[in-house]
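Derivation of every value follows stated rules applied to the coordinates shown; laboratory data play no part. Here the structure is a predicted model, which is why all the values come from computation and not from measurement. Every residue, glycine among them, receives a Cβ derived from its backbone with ideal geometry; neighbour counts consider all protein chains shown.
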Amino acid sequence: MSAPEPRTFRALFISDVHLGSKAAKADFLIDFLRHHDAEIIYLVGDIVDGWRLRRSWHWPQSHNDVVQKLLRKARKGASITYIAGNHDEFARQFQGVHFGGIVVADRAIHETADGRRLLVIHGDQFDTVVHNQRWLAYLGDYAYDAAMLVNRVVTKLRHLLGLPYWSFSSWAKVKVKKAVNFIGSFQTVLSEEARRSHVDGVICGHIHHAAIESYGEVQYINTGDWVESCTAVVEHFDGRMEILTWAHVLPESSADKDVLVPVDIIDLKGRAAQAA
């Protein structure tokens, strides 16, 4: 029996995969990409986690497979834009460069099927903690690692009990008052940036909280992430935007074995030198 054809959309937006970190749910994303396709794909930042890779190398086969899956989609004709984020900020020095059919950018304007113009940006540029108190951002990153460790324990227990995936950290995020206030402030600031840019809305990532909200005439869209919620945003062929969740419990695989040779997107510097 042949595998079912993937659902096809006009555009697909994915962010905050954090390949290179143990928290990345690469197997979930591979399965999602196997079942979903799009003519236009935006990787909205923090696809590769350079911060963690600098601390210790972690690149299992499943992380390699995500990159190869995306490159395969590019070879088949999908238009793919890689928007750099703060964890993969090394990519910002390669704006306009193509790697295997994937073009790197700091931001982009996406035009929907119904004629709207949406600013696509990671969003870290508007996080004052990242830019004004970088040491605090790194400290928060370590705290986030601890939260992800709790998440992995909860996930394994639920897997043993035959229960579907559930994110402890995502649940905590909407229960902690300071986190809720930060999310609200971030959404407001990004919506204001959309107004300043004279566009109809903004699509971003960064805060790992998927949402589609309206701020007056401006639409705020956040793609979520692939370490907590396993969400993506799609544009249907009529221009309608939707959040998809792919919270499947997948069987254990060979994902714990590290790949020795870095893959295409990791080795940006060498590729750019060859392209020059």
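Ranked by the mean number of other Cβ atoms within 10 Å of their residues, highest first, the peptides 70-76, 207-213 fall in the order 207-213, 70-76. With the cut-off at 1.5 for a/c, could you classify the range 1-127 from its C-alpha gyration tensor as rounded, prolate or oblate? Here the range 1-127 falls in the oblate category.
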